[in-house]
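Taken together, the values in this text are just the output of simple stated rules run on the coordinates, not laboratory data. Just so it is clear, the model here is predicted, and its values are computed rather than measured. When we count neighbours, we look across all protein chains shown, and the Cβ atoms used for this are built from the backbone with ideal geometry, even at glycine.
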Amino acid sequence: MSQPGLRFQSSRLGLLLLPVLLAGCSDARWLSKGAAKIGGITVQGPHAIVCWGDSMTQGNEGVINAGIYPGILQTSIGPQVVNEGIGGQTSTQIGVRQGGVPTPVTVAGGVIPANGGVTVKFATGYEPLTDPYITIQGSIDGVVGNLALSAVLPGGVFTFTPIAGSRTPVTVIGTPRFVPETPYQTFLPIFWEGRNNLFATAKGPYGPAQIESDIAAQVASLPKSLNYLVLSLLNQNDPNERSGGVGYATVMSLDNTLSATYGTHYLDVRSLLVNSYDSASPVDVSDYNSDMIPTSLGATTAQGTLVSRIGKTDTTFTVKLSAGSLTGYNNLVIDNESIHILTVSGSTVTSCTRGYGGTLASHSAGAAVTQRDPTHLNSQGYTIVANAVAKKLGL
């Protein structure tokens, strides 16, 4: 039985997370060849689904109570849900990996050897891989091979190695397209992407228009009769993306555009999460009033206790950590107060915004401290997403 968060490396399938196996294996190579109707559409295997995305799809964030929405979805509909989430990727990189966004490749020396690998390069932001932990299969000028990355970008080098059986070198003219293998072509796809290039980034193309274009390209690459879902982006729990912030307006505008573009293929998980706040929690109520994902559904990234008492105006204090580490721009919850961290030094908060959410108050030495990720969800949050997906698909 596979354990939560275990990663499998495959030259054919790329990254595959198998958090829960009810029966058999989620890897498409072991899927039943039967067929089923999802939303009136026939797909390969009973309820076969592929989830494309970044760390929100990859999941397993936090030091306790971590969740993975494709895995949770898998437990409710069966074992055939494939997790194609890779943390840190932009919508463009996800689209390249999915096959909808074209990516030209430069082959060193202009020749693909009959045996052994050759260094290849991609334009910044259009890389099929972003870390060295996986290998994917694809083709260049009709030559099928495996693509590997030596180290995390931007420092890594790509190597393309033809599969066994190649007989002669192939001369490459110009910059042909790298075409990734698409073993999930008949699986119902769910797209949840765009957080990593919504705002300015050195990783490549960014902005709402780019995300819209990337998702449109992926949808356009699907078989015409295939159903699909596009999930809404979530606003981060920080001042810029709470109601009234500039970032908030950007997120809302993009979500509204996606809703108008994809209609019944669009699922507003953001609003579902916002409305799932705990009315008994002052922190959650503050989040709700700011049209924000409730803190109680955020991934727990650190736990501990206060080393000494802090007053209402103190912005520097130390935490005795029992799990995780303090991180800037995460939010600490102490009693009924949420504190937005600005800077840290080890286990000491060196600057912060007090009364960020909930009730501003003094806190005693030994008070429990919980650090929440402003972006990712815990198991309860991802369960809401998975259940909403299942309901939307009528599963």
- Largest-first principal axis extents of the Cα set of the chain (Å): 74, 47, 42
- Query: Once both axes come from the Cα atoms, what is the angle between helix 208-220 and the longest principal axis of the chain, in degrees from 0 to 90, rounded to 10?
  - Reply: 40 degrees
- If we count every other residue with Cβ under 14 angstrom of D291's Cβ, Lys/Arg +1 and Asp/Glu -1, where does the sum land? -4
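Would you please report the Å³ per residue occupied by the convex hull of the alpha carbon atoms in segment 102-180?
Numbers: hull volume 6.3 nm³, N = 79.
Residue-normalised Cα hull volume stands at 79 Å³.
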- Amide hydrogen neighbours beyond the local backbone of A299, cut-off 5 Å, H modeled: D373, H376, L377, N378
- Task: Using 0.36 nm per residue of separation minus the Cα-Cα distance, give me the extension gain between H265 and R354 in nm, one decimal.
- Result: 28.0 nm
- Restricting to Cα pairs under 8 Å and 6 or more apart, the percent relative contact order of the chain works out to 16 percent
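Taking every pair of distinct Cα atoms and averaging 1/r, then inverting, what Kirkwood hydrodynamic radius in Å comes out for segment 299-375? Intermediate results must be reported in sequence, preceding the final value.
Details: mean 1/r = 0.0850 Å⁻¹.
Final number for the Kirkwood radius of segment 299-375 is 11.8 Å.
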- Message: Sort T353, T135 by Cβ crowding within 10 Å, fewest neighbours at the top.
- Response: T353, T135
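What order do you get for H340, H376 when you list them from fewest to most C-beta neighbours inside 10 Å?
On the way: H340 19, H376 27.
Least crowded to most crowded, the residues run H340, H376.
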- Query: What trypsin sites (Lys or Arg not before Pro) does segment 225-309 have in DSSP loop regions with at most 15 other beta carbons within 10 Å?
  - Reply: R309
- Compute the long axis of helix 379-392 from its Cα atoms, compare it with the longest principal axis of the Cα atoms of the chain, and write down the angle in degrees, 0 to 90, nearest 10. 50 degrees
- Item | Using alpha-carbon coordinates, inclination of helix 246-262 to the longest axis of the chain, degrees | 40 degrees
- Item | Relative contact order, percent, segment 299-375 [alpha-carbon distance under 8 Å, six or more residues apart] | 41 percent
- What ranking do Y329, Y133, Y248 get, fewest neighbouring Cβ atoms within 10 angstrom at the top? Y133, Y329, Y248
- Using a basic spin-label model with each label point 7 Å from the Cα along Cα→Cβ, how many nm lie between T201 and A123? 1.7 nm
